[in-house]
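Quick notes on the structure that follows.
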Amino acid sequence: MSPAMVPADPFDLVIFGGTGDLALRKLLPALLHRFADGQILPGTRIIGVARDEGLDADGYRQRVRESLKHAAGPELLDGFLPLLDYRALDVRRESGWDDVTQLILAAGERVRVFYLATAPDIFVPICERLRDCGLNGPSSRVVIEKPIGTDLASAARINDAVGHCFNELQTYRIDHYLGKETVQNLTALRFANALFEPIWKAEHIDHVQITVAETVGVEGRAPYYDRAGAMRDMIQNHLLQLLCLVAMEPPASFSADAIRDEKLKVLRALKPITSINASLMSVRGQYRAGAVNGQAVPGYPDELGGSSRTETFVALKAEVANWRWAGVPFYLRTGKRMPERVSEIVVTFRPVPHSIFEGVTGPITPNRLVMRLQPDESVTLWLTNKVPGPGGLRLRHVPLDMSFAEAFSGMRHVDAYERLLMDVVRGNPMLFMRRDEVEAAWVWADQILAAWGGSEDPPKPYTAGSWGPSAAVALIERDGRTWSDHVE
């Protein structure tokens with residue numbers, strides 16, 4: 001049995017927001033698959049907590065069965081569902097907490113994970129209640145979903161308040177992007193292959209692009225999204241974490257704090273984007289009515305029910321001010337209602353210093369390393385090769401690729417939450433954000449938000465189904481480069 005499949009001792013996982021979309025669509029399916037693979041043993045308890053007083057434990061199990069019926073057969077569900085329990089609780093009220101506390105303490109001393117799959121404004125009240133009920137012992141852990149605050153000040157307040165209830169080693173700030181297979185593979189690609197690390201620097205890399213594009217709009221999240229926008233929802237956490245993994249120095253060891261120390265250095269080395277240079281280094285947009293995947297879709301103001309200055313698209317030119325990356329731009333881009341759902345990192349290397357083929361075939365396309373996070377995880381190295389056959393020398397840019405589905409055929413694709421949940425149970429914080437990381441990211445993001453807030457210019461409109469406003473194209477093309485969706 002591989003180390004990854006070693007069973008965990010029976011534990012308690014309490015999901016606040018146990019009837020919500022995150023619990024039913026991500027957390028419980030992830031736990032089901034870990035149970036199917038033998039990592040979760042009988043005796044483990046998964047306790048859903050929500051405000052629905054019309055639901056009891058049997059009703060909760062039935063709701064979960066209905067939600068998971070397409071993910072597993074009846075026999076597997078019959079084994080998994082007895083692990084589930086449920087308690088109705090309004091976390092802001094006194095009543096109900098004694099019942100929840102007694103249920104949790106009845107199992108005795110064991111690992112207890114409290115997953116806050118709730119609105120951010122009740123993170124602190126829940127943690128304070130758990131502390132007051134004596135449920136924050138040394139074997140307890142709390143998992144906090146992003147967003148953690150809306151700026152540096154609010155993030156610090158949340159971190160301070162949670163820190164009075166659970167210490168830093170007990171606090172797991174989750175970003176599911178860090179659990180994705182290709183993101184994990186990025187560390188291995190860089191530090192387990194002599195091929196890449198010697199050229200992973202400004203002398204050999206021309207620029208880096210990180211794109212996280214979504215075809216969906218705000219769906220049912222309009223009230224939250226209009227307060228957050230793409231900068232707070234995606235850039236400050238997901239994209240900056242990816243940037244850190246690309247740009248960090250080799251850690252001294254493969255340990256949680258060694259890796260997180262190096263990521264923190266990258267965040268602190270980011271050049272500020274302020275009101276002085278924001279117009280040159282950033283673009284914010286907002287989608288209008290258009291078509292995605294052949295279907296007509298409304299614009300953001302139509303979905304929201306009124307006008308708004310909230311951005312649904314952001315493009316940035318970031319720079320890491322250190323010796324390794326001096327002069328190398330990192331182009332970050334994220335948006336809703338894009339032509340396709342894709343998350344990828346593209347590292348473009350510098351052209352060959354002198355082409356002996358210039359008079360024969362024309363310019364040579366620079367090599368690129370493309371790491372696709374979704375929808376189809378893969379790593380592709382684009383190389384220039386001779387086209388076979390007679391008729392003179394012809395060169396073509398061709399991919400040397402590794403599709404995870406093909407290279408590891410027969411293995412089930414593991415969802416990020418499966419890995420992350422088991423890491424919390426085992427007490428491994430490597431893939432979770434430390435407090436200083438979160439706050440360093442806010443220091444940089446706050447300056448951009450302040451620059452936008454001080455500008456009278458609204459977000460630039462773009463048609464749903466496009467790659468964002470034309471200004472985003474100008475952002476990269478005035479540097480003589482182009483976005484990766486426009487090149488082979």
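Rounded to whole Hz and in sequence order, give me ³J(HN,Hα) for the stretch 258-269 from the Karplus expression 6.51 cos²θ - 1.76 cosθ + 1.60, θ = phi - 60°, writing x for Gly and Pro.
Running phi through 6.51 cos²θ - 1.76 cosθ + 1.60 with θ = phi - 60° gives 4, 5, 5, 4, 5, 5, 4, 4, 5, 4, 6, 8 Hz.
Please turn the phi angles of the stretch 316-328 into ³J(HN,Hα) values with the Karplus equation 6.51 cos²θ - 1.76 cosθ + 1.60 (θ = phi - 60°), one per residue in order, whole Hz, x for glycine and proline.
Taking θ as phi minus 60°, the curve returns 9, 10, 9, 9, 9, 8, 8, 5, 5, 10, 3, x, 9 Hz for the stretch 316-328.
Using the crude model of +1 on Lys and Arg Cβ and -1 on Asp and Glu Cβ, and no other charge, please compute the dipole size for the chain relative to its Cα centre, in debye to 20.
900 debye
Taking the alpha-carbon centroid of each part, what is the distance from the stretch 109-145 to the stretch 280-316 in angstrom?
36 Å
About its Cα centre, how strong a charge dipole does the stretch 97-214 have in debye, to the nearest 20, once Lys and Arg get +1 and Asp and Glu get -1 at the Cβ? Write down the numbers at each step before the final one.
On the way: 11 positive and 16 negative charges, 53 e Å.
Here the size comes out at about 260 debye.
Just grab the label-to-label distance for His204 and Arg268, each label 7 Å out from Cα along the Cβ direction, in nm (one decimal).
That separation, rounded to one decimal, is 2.8 nm.
What area, in nm² and to one decimal, does the C-alpha convex hull of the chain cast on average over all directions? Show your work: numbers first, answer last.
Values: hull surface 104.8 nm².
With the hull built on Cα positions only, its mean projection is 26.2 nm².
Counting only residues 5 or more places away or on other chains, whose amide H sits under 5 Å from the amide H of Asp85 once H atoms are built in the peptide plane?
Correct list: Ile46, Ile47, Gly48.
On a 0 to 90° scale, report how tilted helix 123-132 is relative to the longest principal axis of the chain, with both axes built from alpha carbons and the result rounded to the nearest 10.
40 degrees
Grab the DSSP H runs of the chain that are 4 residues or longer, score each as -39,500 (n - 2.57), total them, divide by all residues and round the 222 nm result to the nearest 500 deg cm²/dmol.
So the calculated ellipticity at 222 nm is -9000 deg cm²/dmol.
Can you give me the solvent accessible area of His204 with a 1.4 Å probe, rounded to the nearest 10 Å²?
Accessible area of His204: about 80 Å².
Per-residue counts of other Cβ atoms within 10 Å, averaged by peptide: what ranking do you get for 147-153, 254-260, 327-333, highest first?
My ranking of the peptides, most packed first, is 327-333, 147-153, 254-260.
Computed over the Cα atoms, what is the radius of gyration of the stretch 95-209 divided by 2.2 N^0.38 Å, N being its residue count? Mind showing how you got there, number by number?
Values: Rg = 19.8 Å, N = 115, 2.2 N^0.38 = 13.4 Å.
The stretch 95-209 yields a ratio of 1.48.
Counting DSSP beta bridges in the chain, what percent are antiparallel, to the nearest 5?
Here the antiparallel bridges make up roughly 55 percent for the chain.
Using alpha carbons only, how many angstrom separate the centre of the stretch 1-61 from the centre of the stretch 208-222?
Comparing the Cα centres of the stretch 1-61 and the stretch 208-222, I get a distance of 28 Å.
Putting +1 on Lys and Arg Cβ atoms and -1 on Asp and Glu Cβ atoms, find which of Ile174, Ala72, Thr187 reaches farthest to the positive end of the dipole of the chain.
Among Ile174, Ala72, Thr187, the one farthest towards the positive end of the dipole of the chain is Thr187.
If I stretch the segment between Gln295 and Thr361 completely, what's the gain in nm (0.36 nm per residue apart, minus their alpha carbon distance), one decimal?
Separation in residues times 0.36 nm, less the Cα-Cα distance, equals 19.5 nm.
Let me know the shape class of the stretch 410-488, please: from the alpha-carbon gyration tensor, a ≥ b ≥ c as square roots of the eigenvalues, rounded when a/c is under 1.5, otherwise prolate if a/b is greater than b/c, or oblate.
oblate
Under 5 Å between amide hydrogens, which residues at least 5 positions from Asp206 or on another chain qualify, with H placed 1.01 Å from N in the peptide plane?
Close amide H contacts, sequence-distant or interchain: Thr348, Phe349, Arg350.
Under the 0.36 nm per residue contour assumption, what length would be gained going from the current alpha-carbon distance of Met5 and Asn322 to full extension?
Additional length available on full extension: 110.1 nm.
In whole percent, and with a 1.4 Å probe on the protein chains, what portion of the accessible area of the chain is carbon and sulfur? The partial results should precede the final answer.
Values: 11490 of 21410 Å².
The nonpolar share, carbon plus sulfur, comes to 54 percent.
From the Cα gyration tensor of the stretch 154-259, with a ≥ b ≥ c the square roots of its eigenvalues, which class applies: rounded if a/c is under 1.5, or else prolate if a/b is larger than b/c, or else oblate? Please report the intermediate quantities before stating the final value.
On the way: a/c = 2.47, a/b = 1.35, b/c = 1.84.
Oblate shape, in that a/c is at least 1.5 and b/c is the bigger or equal ratio.
List the cysteines of the chain that have no other Cys Cβ closer than 4.7 Å: which are they?
Unpaired cysteines in the chain: Cys133, Cys244.
Calculate, for Asp257 and His70, the FRET efficiency according to 1/(1 + (r/R0)^6) with r their C-beta to C-beta distance and R0 35 Å; round to the nearest 0.05.
0.30
Between the helical axis of 57-68 and the dominant principal axis of the chain, each derived from Cα atoms, what acute angle in degrees is found, rounded to the nearest 10?
20 degrees
Give me the distance between the Cα centres of the stretch 426-488 and the stretch 224-257, rounded to whole Å.
So the two Cα centres are separated by 11 Å.
Would you grab the residues whose amide H sits under 5 Å from the one on Val113? Only those 5+ places off in sequence or on another chain, please, with H modelled 1.01 Å from N.
Here Asp12, Leu13, Val14, Arg141 satisfy the definition.
With 14 Å as the cut-off, how large is the P(r) tail for the stretch 240-281, expressed as percent of Cα-Cα pairs?
Details: 445 of 861 pairs.
Tail fraction, whole percent: 52.
Please give the length that would be gained between Ala474 and Asp37 if that part of the chain were fully extended, namely 0.36 nm times their separation in residues minus their C-alpha to C-alpha distance (nm, one decimal).
152.4 nm
So what are the ³J(HN,Hα) numbers for the stretch 77-88, from phi and the Karplus equation (6.51, -1.76, 1.60; θ = phi - 60°), rounded to whole Hz, Gly and Pro as x?
Taking θ as phi minus 60°, the curve returns 4, 4, x, 7, 4, x, 6, 8, 9, 8, 9, 7 Hz for the stretch 77-88.
Among the aspartates and glutamates, which have Cα under 16 Å from the Cα of Lys317 when same-chain residues fewer than 8 positions away are ignored?
Asp206, Asp446, Glu477, Asp479
Which whole-number percent is the relative contact order of the chain (Cα, under 8 Å, 6+ apart)?
On the way: 850 pairs, mean separation 84.8, N = 488.
With pairs under 8 Å counted, the relative contact order is 17 percent.
Between Ser154 and Asn385, how high is the FRET efficiency from 1/(1 + (r/R0)^6) when r is the Cβ-Cβ distance and R₀ = 45 Å? Nearest 0.05.
0.30
Place the peptides 61-72, 229-240 in order of packing, highest mean first, counting for every residue the other Cβ atoms within 10 Å and averaging per peptide.
Order by mean packing, descending: 229-240, 61-72.
Given the options Pro10, Val320, His238, identify the residue whose Cα lies farthest towards the positive end of the charge dipole of the chain (+1 on Cβ of Lys, Arg; -1 on Cβ of Asp, Glu).
So the residue furthest toward the plus end is Val320.
The values are calculated or read from the model by the stated rules, or taken from the named source; none is laboratory data. Everything numeric here is computed off the predicted structure, so don't read it as measured data. Every residue, glycine among them, receives a Cβ derived from its backbone with ideal geometry; neighbour counts consider all protein chains shown. The protein model used for the area step is the full one, side chains on, heavy atoms only, and it has no ligands, DNA or RNA in it. Shrake-Rupley method; radii C 1.70, N 1.55, O 1.52, S 1.80 Å.
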